[in-house]
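Student: Before I ask anything, let me first share the structure, which is written out below as structure tokens.
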Amino acid sequence: MTELATRFDDLGLDPRVLANVARAGYAAPSPIQALAIPPIRDGRDVEALARTGTGKTAAFVLPTVHRLLAQAAPPAAMPPAAAPQPPGRIRALILSPTRELASQTAGTIRTCIRGCGLTVALAIGGVPKDRQTRALQTGIDLLVATPGRLLDHLADDTITLEETGCLVLDEADRMLDLGFVDDVRAIAARLPTRHQTLLFSATMSPAISALARQLLHKPLRVAPPEQSAPPPRIRQQVIFTPADRKPATLAALLRQQDSGRTMVFTRTRQAADSLARSLTGAGIAAAALHGDHGQARRDHTLAAFRRGTVRALVATDVMARGIDIDDVALVVNFDIPEQPETYIHRIGRTARAGRRGTALSLCDPAERQLLREIEKRSGARIVAIDSP
Ligand code: AMP
């Protein structure tokens, strides 16, 4: 196996892309970037195992932008004056499971295409279609879309994928969890026979492998070596407390410590709502975020969390998946997840982009076995601390 690049300069990327990497402040490629960028740059299909927080977005965006710069842009469509607008051509399509993730990915793309003369657009639900339609009909270099809205635009002939050279399936496992597998297949079928497909997933399952076998051509499989272990900068702690005391314990702890931006995970939507209410009642600026809430409310809650007017965001796992907020200082496991992978995903929300963070679990006696499993699987030492 060839040596992995430790400098962005060694990845063979266009100088304009490298200038944007420098501007973004990325000093060195993350492991998934060092592994995935060269084959993607060379046009191979890649199946990557990488969770949020590993730099996986830039791992597919940077080489894709490089390739678009290397290929001649298609000539602008010139319809006769009276003819209806032809569908807009998309050069690279990124499919995201959620609107939140799609918006964040579009943000990363905007950073990476500065000065490159390329365009990016979003096709997601929850916003009026007309405005999107007008933007898409002009043709777009990189389109980030959720499956449902994209199929709408295809049905309306707003866009065509007949000239799309690259398809990215981001967070493919979440896409399957949310029931998008048929949509993804239908979308992939609209691309030309020869195109590049990239599949990124935080977990690999038989269903993901089946999808990869169907959609990817001789893919290269890559996984960063530390995939199974949480980042080392996270201090991991546990407070043993009966389940019915957990809300009061957490409220006391948050009142006592200025923990900064805090994400609390609960298993169910009801638990998220009821905990957010009880924290608010204890004088802590808290809000719940989950799928029962409409898009406007979710956007509003996230914006308040980013601004800091909401200090504790109480979220379910599905909702939290697509959120990219760098300075979360404390992650709280209000319950102990049944899957060790879920624990690792959750606590990966903190200590991002080189920062430090704390992960605190609240553990009822009945959950001790789950905690032991997590310690065993992740090799982590979770230190017990006193209840406040
Ligand atoms: P992602 O895994 O795509 O959700 O990225 C996680 C965070 O890491 C994002 O805030 C990125 O801006 C940041 N990031 C991505 N690549 C690098 C890098 N090479 N060095 C430092 N930060 C990075």
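Student: So if I average 1/r over every pair of distinct C-alpha atoms in the chain and take the inverse, what Kirkwood radius in Å does that give?
Tutor: 22.1 Å
Student: Any idea of the accessible area per residue across the range 234-384, 1.4 Å probe, to the nearest Å²?
Tutor: For the range 234-384, the per-residue accessible area is 44 Å².
Student: Around ALA286, under 11 Å between beta carbons, what's the net of Lys plus Arg minus Asp minus Glu among the other residues?
Tutor: So the environment of ALA286 carries a net charge of +1.
Student: Same structure again: How do TYR343, TYR26 rank by accessible surface area computed with a 1.4 Å probe, from largest to smallest?
Tutor: Descending accessible area places them as TYR26, TYR343.
Student: Still on this structure: Roughly what angle does helix 295-307 make with the longest principal axis of the chain, taking Cα atoms, 0 to 90 degrees, to the nearest 10?
Tutor: 70 degrees
Student: Considering all alpha-carbon pairs of the range 1-135, what whole percent are spaced by more than 19 angstrom?
Tutor: 56 percent
Student: Measure nothing fancy, just the Cα-based angle from helix 269-281's long axis to the longest principal axis of the chain, in degrees from 0 to 90, nearest 10.
Tutor: The two axes meet at around 60 degrees.
Student: What number comes out for the charge environment of LEU118, summing +1 per Lys or Arg and -1 per Asp or Glu over other residues with Cβ under 9 Å away?
Tutor: Summing Lys/Arg as +1 and Asp/Glu as -1 gives 0.
Student: Could you give the nm distance between label points at ALA19 and THR241, where each point is 7 Å from its Cα heading toward the beta carbon?
Tutor: 5.3 nm
Student: Ordering ASP273, ASP173, ASP130 by how much accessible area each has at a 1.4 Å probe, largest first, what is the list?
Tutor: ASP130, ASP273, ASP173
Student: How far, in nm, would the chain grow between LEU220 and ARG233 when pulled straight, counting 0.36 nm per residue and subtracting the alpha carbon separation?
Tutor: Result for the pair: 1.7 nm of gain on full extension.
Student: Report in % the part of the accessible area of the range 94-143 that belongs to carbon and sulfur, leaving out ligands and nucleic acids; probe 1.4 Å.
Tutor: In the range 94-143, the share of accessible area belonging to carbon and sulfur is 51 percent.
Student: Related question: Please give the length that would be gained between SER274 and GLU373 if that part of the chain were fully extended, namely 0.36 nm times their separation in residues minus their C-alpha to C-alpha distance (nm, one decimal).
Tutor: 32.9 nm
Student: Quick one: if you take sqrt(5λ) for each eigenvalue of the C-alpha gyration tensor of the range 234-384, what semi-axes come out, biggest first, whole angstrom?
Tutor: 22, 17, 15
Student: Report, to the nearest whole %, how much of the accessible area of the range 201-285 belongs to carbon and sulfur atoms, 1.4 Å probe, protein only.
Tutor: The C+S portion of the solvent-accessible surface of the range 201-285 is 53 percent.
Student: Counting heavy atoms of the protein chains only and a 1.4 Å probe, report the per residue accessible area for the range 8-222 as a whole number of Å².
Tutor: Result: 42 Å² per residue.
Student: Cα atoms only: what Rg and Dmax, in Å, come out for the range 8-222?
Tutor: 16.4, 53
Student: Quickly work out the ARG381-to-ARG134 label distance, labels modelled 7 Å from Cα along the C-beta direction, and quote it in nm with one decimal.
Tutor: Here the answer is 6.2 nm between the modelled labels.
The values are calculated or read from the model by the stated rules, or taken from the named source; none is laboratory data. Just so we're clear, the structure is a prediction, and the values are computed from it rather than from any experiment. Cβ sites come from the backbone with ideal geometry, for glycine too, and all protein chains shown count toward neighbours. Each accessible area value is taken on the protein alone, full model and side chains, heavy atoms only, with ligands, DNA and RNA left out. Shrake-Rupley method; radii C 1.70, N 1.55, O 1.52, S 1.80 Å.
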